[in-house]
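One structure is given below, encoded as structure tokens.
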């Protein structure tokens, strides 16, 4: 079974670090990247090719809801 690649967007540093730790500690999951904002969303997603994107909907600048439309 291959691992599920995850990219995570969360501006709250403590929450981002905590959930990143849990993802990395879970067999079958691979954290490809964790970012504080989605200003570089398109190149990050194209480069990392995740199967799953976790995104806070209340991000500074470009919200997760607006970024979803990328």
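With the simple model of a label 7 Å out from the Cα in the direction of the Cβ, residue 3 to residue 39 spans 2.9 nm. Compared with the dominant Cα axis of the chain, that is its longest principal axis, helix 13-24 is turned about 30°. Residues 7, 52 in ascending order of nearby Cβ atoms (within 10 Å, fewest first): 52, 7.
With runs of 4+ DSSP H residues as the only contributors, calculate the mean residue ellipticity of the chain at 222 nm using -39,500 (n - 2.57) per run, divided by the residue total and rounded to the nearest 500.
Numbers: 3 runs with 24 residues, N = 70.
Rounded to the nearest 500, the figure is -9000 deg cm²/dmol.
A protection proxy built from the mean count of other Cβ atoms within 10 Å ranks the segments 60-68, 29-37, most packed first, as 29-37, 60-68. Modelled spin labels at residue 21 and residue 46, positioned 7 Å past Cα toward Cβ, are 3.5 nm from each other.
No value in this document is a laboratory result; all are computed from the given coordinates. Keep in mind that this is a model prediction, so the values were computed, not measured. Here the Cβ is made from the backbone with ideal geometry for all residues, glycine too, and neighbour counts use every protein chain on show.
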